[in-house]
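Some notes on the structure that comes next.
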Amino acid sequence: MTWRGDAETGDLSEWSYLLNPRGLSVVAAPGAPGARAVRVEVQPGDLWPNGLNRVELEHKPPPEAIAEGRETYFAWSFLVPAELSPSRHQLGYWESYPSYRQVMAFEARGRALAFMTRLPAERVQWSAPDAVTPNVWHRVVMHVAWSVDPARGFVDVWFDGAKVVDHGGARTLWDNPNFVHVGLLRDRPEPTEVMFVDAAVEGTSREAVWSASPAPPGT
């Protein structure tokens, strides 16, 4: 394991950046994998300069870890206490820096969830109509091979323990190393919605990131 963001520190210092931190807090969420989780609350007024309605956590791995020919394993757990609205919500996505070109994303509409790759053309790698069950912790595990060449870049995805994307080919790098956002990103202002996030982990193997349980001391 190379990084963990699970709020067990009692704060959000594990994350590289907080987008609209008003909506982010550490709480003792019922049923969370650990003693604490991050509560993400997006209100209609949580706007970014580009007009997007968003409250998110950002993790930026070392540039050498997200480079041509390298591979990354990344996972996190999330729970929504109530069904999301039917409009598009991006719950987690990778994008380039500093060009901010999105390369892959998990998109939710109501209970439906889809995983998209954006390059060289947008492609739905997986979708499920009832994946986002309210009041249930869901776990996403990703394995990404980074490359500007779509013949070499690919993504594997597991959702709640089942493999849903097997070697999905895509251009996974744009012009610079990528970073990841987890939270609630909406295309336009809507009524307040909440999501809990826990057990975000980056590592060099699937085994290192698979479990949502807190890491033992010293690991």
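State which residue pairs qualify: first residue within 10 Å of residue 40 (Cα to Cα) and inside the stretch 6-26, second residue hydrophobic (A, V, I, L, M, F, W, C) and in a loop (DSSP other than H, G, I, E, B) in any location, beta carbons under 7 Å apart, and separation of 6 or more residues or different chains.
24/12; 26/7; 26/12
Quick one: which strands (runs of 3 or more DSSP E) sit completely within the stretch 38-101 and have at least 1 residues that are among the aromatic types (Phe, Trp, Tyr) and in contact (Cβ under 8 Å) with a residue 40 or more places away in the chain?
Working: elements: 53-59, 71-79, 89-96.
Output list reads 71-79, 89-96.
Only one residue in 39, 22 is of a type outside the set (Gly, Ala, Ser), closer than 11 Å to residue 183 by Cα and either surrounded by fewer than 18 Cβ atoms within 10 Å (Cβ to Cβ) or at pLDDT 95 or above (or both), so which one is that? Show your work before the answer.
On the way: 22 fails: closer than 11 Å to residue 183 by Cα.
Only one candidate passes the filter, namely 39.
Report whether or not residue 153 is crowded, with 20+ Cβ neighbours inside 10 Å, modelled with pLDDT of 95 or more, more than 17 Å from the chain's Cα centre (by Cα) and more than 24 Å from residue 212 (Cβ to Cβ). Reasoning before the result, please.
On the way: crowded, with 20+ Cβ neighbours inside 10 Å: yes; modelled with pLDDT of 95 or more: yes; more than 17 Å from the chain's Cα centre (by Cα): yes; more than 24 Å from residue 212 (Cβ to Cβ): yes.
Against the criterion (crowded, with 20+ Cβ neighbours inside 10 Å, modelled with pLDDT of 95 or more, more than 17 Å from the chain's Cα centre (by Cα) and more than 24 Å from residue 212 (Cβ to Cβ)), residue 153 qualifies.
Can you name every residue in the stretch 71-103 that is over 22 Å from residue 149 (Cβ atoms) and aliphatic (A, V, I, L, M)?
75, 79, 80, 82, 84, 91
Name the residues in the stretch 143-164 that are touching an Asp or Glu at 6+ places or on another chain (Cβ under 7 Å) and either touching a residue at least 24 places away in the same chain (Cβ under 8 Å) or farther than 26 Å from residue 78 by Cα (or both), would you?
143, 144, 145, 146, 147, 148
Could you figure out which of (1) over 14 Å from the mean Cα position of the chain (by Cα); (2) over 18 Å from residue 68 (Cβ atoms) isn't true of residue 170?
Failing condition for residue 170: (2).
Which residue, of 128, 75, 65, 108, is of a type in the set (Gly, Ala, Ser), surrounded by fewer than 19 Cβ atoms within 10 Å (Cβ to Cβ) and closer than 24 Å to residue 6 by Cα? Steps first, answer last, please.
Working: 128 fails: closer than 24 Å to residue 6 by Cα; 75 fails: surrounded by fewer than 19 Cβ atoms within 10 Å (Cβ to Cβ); 108 fails: surrounded by fewer than 19 Cβ atoms within 10 Å (Cβ to Cβ).
After ruling out the rest, the residue left standing is 65.
List the residue pairs whose Cβ atoms are under 7 Å apart, where the first residue sits in the stretch 114-135 and is free of Cβ contacts under 8 Å to residues at least 24 places away in the same chain, the second is in a loop (DSSP other than H, G, I, E, B) and surrounded by 13 or more Cβ atoms within 10 Å (Cβ to Cβ), and the two are 6 or more positions apart or on different chains.
Listed by first residue and then by second, the contacts come to 129/111; 130/111; 133/111.
Only one residue in 183, 218, 161 is of a type outside the set (Phe, Trp, Tyr) and modelled with pLDDT under 95, so which one is that? Before the answer, list the steps.
Values: 183 fails: modelled with pLDDT under 95; 161 fails: modelled with pLDDT under 95.
Just one listed residue meets the conditions, 218.
Restrict the check to the stretch 182-202 and report whether at least one residue is surrounded by fewer than 19 Cβ atoms within 10 Å (Cβ to Cβ), closer than 28 Å to residue 87 by Cβ and among the polar types (S, T, N, Q).
Here is the first cut: in the stretch 182-202, the residues surrounded by fewer than 19 Cβ atoms within 10 Å (Cβ to Cβ) are 187-192, 194.
Then drop every residue that is not closer than 28 Å to residue 87 by Cβ, which leaves 187-192, 194.
Now restrict to residues that are among the polar types (S, T, N, Q): 192.
Yes: one or more hits.
The values are calculated or read from the model by the stated rules, or taken from the named source; none is laboratory data. Because the structure is a prediction, the values reported are computed rather than measured. In this analysis, Cβ positions are derived from the backbone assuming ideal geometry, glycine residues included, and neighbour counts consider all displayed protein chains.
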